[in-house]
1. Thr330 versus (1) buried (at least 16 other Cβ atoms within 10 Å of the Cβ); (2) among the polar types (S, T, N, Q); (3) closer than 27 Å to Ser480 by Cβ; (4) out of contact with any Lys or Arg (no Cβ under 7 Å at 6 or more places or on another chain): which is the lone unmet condition?
2. Please specify each residue of region 125-155 satisfying the condition of being farther than 12 Å from Lys298 by Cβ, β-branched (Val, Ile, Thr) and modelled with pLDDT under 95.
3. Of all residues in region 156-190 being open to solvent by less than 30 Å² (accessible area, probe 1.4 Å) and among the polar types (S, T, N, Q), which is farthest from Ala354 (Cα to Cα)?
4. Go through (1) modelled with pLDDT under 50; (2) in a helix (DSSP H, G or I) and name the single condition Leu122 misses.
5. Within region 191-212, restricting attention to residues that are outside any loop (DSSP other than H, G, I, E, B) and at pLDDT 80 or above, which residue is surrounded by the fewest Cβ atoms within 10 Å (Cβ to Cβ)?
6. Condition (residue is at pLDDT 85 or above, acidic (Asp, Glu) and closer than 30 Å to Val468 by Cβ) applied to region 329-351: is it met by at least one residue?
7. Kindly indicate whether Val380 is outside any helix (DSSP H, G or I), within 27 Å of Gly154 (Cβ to Cβ) and out of contact with any His (no Cβ under 9 Å at 6 or more places or on another chain).
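The values are calculated or read from the model by the stated rules, or taken from the named source; none is laboratory data. None of these values were measured; they are calculated from a predicted model. We place every Cβ from the backbone using ideal geometry, glycine too, and count neighbours over all the protein chains shown. Side chains are part of the model used for accessible areas, which takes the heavy atoms of the whole protein and leaves out ligands, DNA and RNA. Shrake-Rupley method; radii C 1.70, N 1.55, O 1.52, S 1.80 Å.
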Amino acid sequence: MAQLHSLADTHVPHRNQVASDATLHEPGGALKTNDMIQLSSCKQIIDTASIEVCLSDAATTPLGFKANQEPKSDDAAGHAHYSKANSSFMHSTINVVGIMIGLGQLSTPYALEKGGWMSGFLLVGLGVVCGYTANAMGKCLGSSSGVNNYQDLGERAFGRVGRIMVSTFLYLEIFLALVSYTISLGDNLNTIFSSHANHLSLSLSWMHLSPQRFITVIAVVMALPSLWLRDLSSISFLSSGGIVMSLLLVFTVAWTAAFGGVGVSRRLPALNMSNVPHISGLYVFSYGGHVVFPNIYKAMKDPSQFSKVVAVSFCMITVVYTGLALMGATMFGSDIKSQITLNMPKQLVVTKIALWASVITPMTKYALELSPVAMQMESVLPKWMGSKSRMVVRATISSILLIIILAMALTLPYFSYILALTGSLLSTCISIVFPCAFYIKICRSTVTRPGLALNIAFIALGIFLGVVGTISSVRSLVKSVSDSRGTRFMG
């Protein structure tokens, strides 16, 4: 999936997505590499789907703190930035859309079918709420000098504790999003090689490893060498294909509905309240991108247009998600799978391309996504260590994290539940609760009583959805694991 990608040494990626270098660095109004805080990939699959927080000011000590550094309070940094920023309205809109479209869109048809067609109002409503919170972040950035990224907002609002808390949520989201990416990787590979499943089962019987698990392990092992690259810019261009994959997915679903012989004749239930807590996490995850919005704001030639960028971007995203969800759900009905790519007719060329794109995207994201986490751990190393030794340590840490991610994906291969858990436990805070809290704290002198009430209501909504969604996802995970173990025991 697409994502705003960095040259990785100084950025925390977003789990949803990225816009390409071509988008960011076109001549005649695009952003120059040496002139701005670059935007990098995490949403986003895993994607997503993938959360870019700029850590250029925060790579020397754990959780983004420089030794003995206080938050910047003067206007020098901000003035220097604005004198160099030159991202146009169109570039900024493309970047916001590129960030959000990704891993989450794979599951929106599934979520709509499970929740019923009335849950589409929740999808649209959460788009409105997340659009509002993105705009609130813009107001915070406009009233605060020396704030360059999401973690800076946490520190400006709540001090050191705020930065540590925000950083913790961001890194956890990266980790769980990569678990979802790995599960998706295995699911799509299994679909691609389904015709060879029987042969693989016989060949691997001595290993007690299913064909899907085996090919997932092989794919992740193939991605391991990328963690040892010194210059991640040599592979970062690959993640720019994410936005192409996302658009291709929408095209594939529409093509199949119109010409693939499937049609959109399945009827959907009106509302299934028991599934709403679960699907709310999937919906919120789909709108994740707030981590990168400060970077986009700071890169704009005219930051006063940020509100318009948010409005246009979220309208576009909401229309795409709603249309894709309706098409997918009415095409496959109760047979819908957690990832729409797994339902597409295998004989179509566009389906094969979409499946392979869903496989390649996660493999190119591991190095970019894990680098910021490893860098923070590397920052506690003794200063006498040379650059080569530090690189080895960072690559080793990334490799260990990837092995842990692989183990989790193989142990808990439940894409929708892991993604919903990520959305409920983490994305609701990052996209709804934290931005509203930042706004109330940073802009308290200008917040009206109705505005205060509205933001408190959104905080309450985010906490409510987070709690009920997390409980629902954990219960579903526990039940799925228990049923799986019971089945193996019976076998």
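1. Failing condition for Thr330: (4).
2. none
3. Within region 156-190, the match that is farthest from Ala354 (Cα to Cα) is Ser167.
4. (1)
5. Going through the qualifying residues, I end up with Ile192.
6. Yes, because at least one residue in region 329-351 is at pLDDT 85 or above, acidic (Asp, Glu) and closer than 30 Å to Val468 by Cβ.
7. Answer is yes for this residue.
Condition check ((1) among the basic types (Lys, Arg); (2) part of a helix (DSSP H, G or I); (3) in contact with a strand residue (DSSP E or B) (Cβ under 8 Å, 6 or more places away or on another chain); (4) modelled with pLDDT of 80 or more) across all residues:
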{"position": "Phe214", "(1), (2), (3), (4)": "no, yes, no, yes"}
{"position": "Ala223", "(1), (2), (3), (4)": "no, yes, no, yes"}
{"position": "Met245", "(1), (2), (3), (4)": "no, yes, no, no"}
{"position": "Leu248", "(1), (2), (3), (4)": "no, yes, no, no"}
{"position": "Leu282", "(1), (2), (3), (4)": "no, yes, no, yes"}
{"position": "Asn295", "(1), (2), (3), (4)": "no, yes, yes, yes"}
